[in-house]
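Here the structure is laid out as structure tokens; the discussion comes afterwards.
The values are calculated or read from the model by the stated rules, or taken from the named source; none is laboratory data. It should be emphasised that the depicted structure is a prediction, and the values quoted were computed from it without experimental measurement. Cβ sites come from the backbone with ideal geometry, for glycine too, and all protein chains shown count toward neighbours.
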Amino acid sequence: MRYARQVAMQEIGKDGQEKLAKAQVLVVGAGGLGLPVLTYLACAGVGCLTIVEDDIVEESNLNRQFLYTPADIGKPKGALARERLAALNPAIKVSWIGERLTQANAAPLVSGRDAVVDCVDNIATRLLANDACLRANVPLVEAGIDGFYGYVFPVLRGGACLRCLGYAEIASPKSPGAIGCTAGVIGSLEASVCIRLLLGMPVAPDMLTYDGTRMEFENVRIFRNEGCRHGEG
Ligand SMILES: [Zn+2]
């Protein structure tokens, strides 16, 4: 009954719901983007969610990280997220790795997943996820937010990657601004792309940009840089 409204969808049906139940997804980060991603994947019945998160809850997280409360300040985000997602949907398996994504753990963590969803705030971790996913041929859903702006971009083998976009040459921007509604928009889009990938549905290779000051979305075609080794070399 929980999934009746999804099974009723032409794009999902019983077969699609079974695909979701068997899916293994790694979500890197359980913050502003990670929580809407995790919440919607859990509610939709994605069978196995693994959270990579080593951070603790701070008061300044609470304007956007809606699974955490003032009583959680100082506690590990991953443990709290795992507990609350399991309560939202007891039928799925949620596990938590209390580490950062690193050069050493990226390959084993990505291996065997049906998709990885990147929900982090720095370039170095994005590149680690980019390279590990391309090497393992695991689709990656990448996204970022800044104030009222955001983007979502799927990194798929054979297409453009974050290195093609020049991410290896730029420093992580230090933006102190963040608002929950933008994280909600972009995190929901990441979950949507992830679910489409799990169902075997086509995903446009474009970067979808969001401008919340003008309420505009735009599809930006990103071309593969033939000189890029896409982390595979
Ligand atoms: Zn590339």
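Just to verify a result, which residue in region 142-156, among those that are within 16 Å of the ligand (Cβ to nearest atom) and either surrounded by fewer than 18 Cβ atoms within 10 Å (Cβ to Cβ) or not β-branched (Val, Ile, Thr) (or both), is nearest to Cys228 (Cα to Cα)? That would be Leu156.
In region 93-136, which residue that is β-branched (Val, Ile, Thr) and out of contact with any helix residue (DSSP H, G or I) (no Cβ under 6 Å at 6 or more places or on another chain) is farthest from the ligand (Cβ to nearest atom)? Applying the filter and picking the extreme gives Ile97. Restricting region 157-172 to residues that are near the ligand (Cβ under 10 Å from one of its atoms) and outside any loop (DSSP other than H, G, I, E, B), the residue that is modelled with the highest pLDDT is Tyr167.
Looking across region 214-233, the residues that are basic (Lys, Arg) and either within 13 Å of the ligand (Cβ to nearest atom) or not in a loop (DSSP other than H, G, I, E, B) (or both) come down to Arg224, Arg229.
Surrounded by 16 or more Cβ atoms within 10 Å (Cβ to Cβ), within 16 Å of the ligand (Cβ to nearest atom), acidic (Asp, Glu) and not in a loop (DSSP other than H, G, I, E, B): does that describe Glu190? No, not satisfied. Going residue by residue through region 204-213, is there one that turns out to be among the β-branched types (Val, Ile, Thr), within 15 Å of the ligand (Cβ to nearest atom) and in contact with a strand residue (DSSP E or B) (Cβ under 8 Å, 6 or more places away or on another chain)? No, region 204-213 contains no residue that is among the β-branched types (Val, Ile, Thr), within 15 Å of the ligand (Cβ to nearest atom) and in contact with a strand residue (DSSP E or B) (Cβ under 8 Å, 6 or more places away or on another chain).
Screening Ala106 with (1) under 28 Å from Asn122 (Cα atoms); (2) surrounded by fewer than 21 Cβ atoms within 10 Å (Cβ to Cβ); (3) free of Cβ contacts under 8 Å to residues at least 60 places away in the same chain; (4) not polar (S, T, N, Q) gives one miss only, at (2). Residues in region 40-68 that are closer than 12 Å to Val117 by Cβ and in contact with a Leu (Cβ under 9 Å, 6 or more places away or on another chain): Leu41, Val46, Leu49, Thr50, Ile51, Val52.
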